[in-house]
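Below is one structure, written out as structure tokens, with a few remarks after it.
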Amino acid sequence: MAFRLSTGVLGGVRQAFLSGRVGASAPLARRMASTKTMTVRDALNSAMAEEMDRDDDVFIIGEEVAQYNGAYKVTKGLLDRFGERRVVDTPITEMGFTGLSVGAALKGLKPIVEFMSFNFSMQAIDQVVNSAAKTYYMSGGTQKCQIVFRGPNGAAVGVGAQHSQDFSAWYGSIPGMKVLVPYSAEDARGLLKAAIRDPNPVVFLENELLYGESFEVSEEALSTDFTLPYTAKVEREGSDISIITYTRNVLYSLQAAEILEKQYGVSAEVVNLRAIRPMDINAIIKTVKKTNHVITVESTFPSFGVGSEIVAQIMESEAFDYLDAPVKRVTGADVPTPYAKELEDFAFPDPDVIVNAVKSVLSIE
């Protein structure tokens, strides 16, 4: 088991949520109508609170989600608001609380399972993949498993190789599983609310370094009824090359696009995937037809990654006929993530790396 220390006091598993129902509805979720900006952390928190208000079958379970307000404070205030029947602290046993949650989902409850790091979901991969993702198909469509697995995914800063892996491609390869990768606060809010309502198991991969980032949000996004479809979003229109990416690399790609425009006169289109599975192939084909040049950007290992799947989808569709140059993949380094900050910085894409990749595809000196 990957080693980690508890960052707060862990309570025992509370089993009261398995019986009974709240007699009266909780107060309507507070809406942040007074501001036009929101952090990703607050977007996730408000999405869960609103869905718990909406549906008494929704509960949250994981390490330190209750008394400690979450290791990253994403579940702050939820214990006080909803009580320990619906906000459940667990011991450090991913296999145990994930199996318990899958069983609860098979009986009709709607768990939100927080992994303190998605690296630790490897301890529960049998429950996630074999029990949650495959049951609906194996039961001939008679047994659904409505569950969300969420938490930080990929590298943070100086947390070592065993806490830094990106599992987008891993879980994206599993039939029966949906995999979402939000970037902005609006993404986080709309996609998480949609995931909680989805009758299928959903892996919701957040980025720790985005939790404190603030984004502008629309009035529509502040509605308790706001959800987003699992489709890509064009974050920046462009005509010369498409940069297809997801999660925190959307930020780096937008920064790279500004550099390309100012220094080289290149108009780059930035496409935020938002979902790994189902992947929005139509959006990929559309942007290829528009710009005729593509790079993909991800912070995963180069082999068998999300970029590889995008390239294959382009090759196998009519988009291939619109390419004026080969697609280039920008990925993390093919090494376990270094602990030393200087080496870690070299191991993942940044705006300069993306700019150089675009220059290579467009043959710019």
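Remark: relative contact order (the range 179-228) = 53 percent; criterion is Cα-Cα distance under 8 angstrom and separation of 6 or more residues. Full extension of the chain between residue 81 and residue 213 gives 45.0 nm of extra length, using 0.36 nm per residue less the Cα-Cα distance. Checking (i) 43, 22, 20; (ii) 36, 21, 20; (iii) 36, 25, 21 against the coordinates, the calculated semi-axes √(5λ) of the Cα gyration tensor in Å falls under label (ii). Placing a pseudo-label 7 Å from each Cα along the Cα-to-Cβ vector at residue 92 and residue 303 gives an inter-label distance of 3.0 nm. Here the extension length gained between residue 312 and residue 324 equals 2.7 nm, from 0.36 nm per residue of separation less the Cα-Cα distance. Of the peptides 119-125, 147-153, the order by per-residue mean of other Cβ atoms within 10 Å, starting with the highest, comes out as 147-153, 119-125.
Quick one: which of 193/341; 36/110; 76/110 span more than 28 angstrom between C-alpha atoms? Don't skip to the end; give the middle numbers.
Working: 193/341 35 Å; 36/110 30 Å; 76/110 20 Å.
Listed pairs above 28 Å: 193/341; 36/110.
Close amide-amide hydrogen proximity is noted between residue 88 and 60, 61, 62, each under 5 Å apart and 5 or more residues distant or on a separate chain (H modeled in the peptide plane; Pro and chain starts excluded).
Remind me, relative contact order of the chain in percent, using alpha carbon pairs under 8 angstrom and six or more residues apart?
Working: 765 pairs, mean separation 53.8, N = 365.
About 15 percent, as a whole number.
Please give the peptides 288-294, 223-229, 190-196, 340-346 ranked by average Cβ packing (other Cβ atoms within 10 Å per residue), highest first, as a rough proxy for protection.
On the way: 288-294: 21.1, 223-229: 15.4, 190-196: 24.9, 340-346: 11.7.
So the order, starting with the most tightly packed, is 190-196, 288-294, 223-229, 340-346.
Net charge within 14 Å of residue 126 by Cβ-Cβ distance, Lys/Arg positive one each and Asp/Glu negative one each, not counting residue 126 itself? Walk me through the numbers on the way to the answer.
Working: positive: 134; negative: 94.
Counting the neighbours of residue 126, the net charge comes to 0.
Highest mean packing comes first when the peptides 134-143, 301-310, 44-53 are listed by Cβ atoms within 10 Å, giving 44-53, 301-310, 134-143. Bridge orientation summary for the chain: considering DSSP beta bridges with both residues in this region, about 20 percent are antiparallel. Think of the chain as having a plus end and a minus end, set by charges on the Cβ of Lys, Arg, Asp and Glu; of 264, 335, 154, 154 sits farthest toward the positive end of this dipole. Between the helical axis of 306-315 and the longest alpha-carbon principal axis of the chain there is an angle of about 50 degrees. Within the shell defined by Cβ-Cβ distances under 12 Å, the residues around residue 293 carry a net charge of +1, with Lys and Arg each +1 and Asp and Glu each -1. With respect to the chain, whose longest principal axis is taken over its alpha-carbon atoms, helix 249-264 is tilted by about 20°.
Where a number appears in this text, it was derived from the coordinates with a stated rule and is not lab data. Since the model is a prediction, treat every value here as computed from it, not as a measurement. Note: ideal-geometry Cβ built from the backbone for every residue, glycine included; neighbour counts use all protein chains shown.
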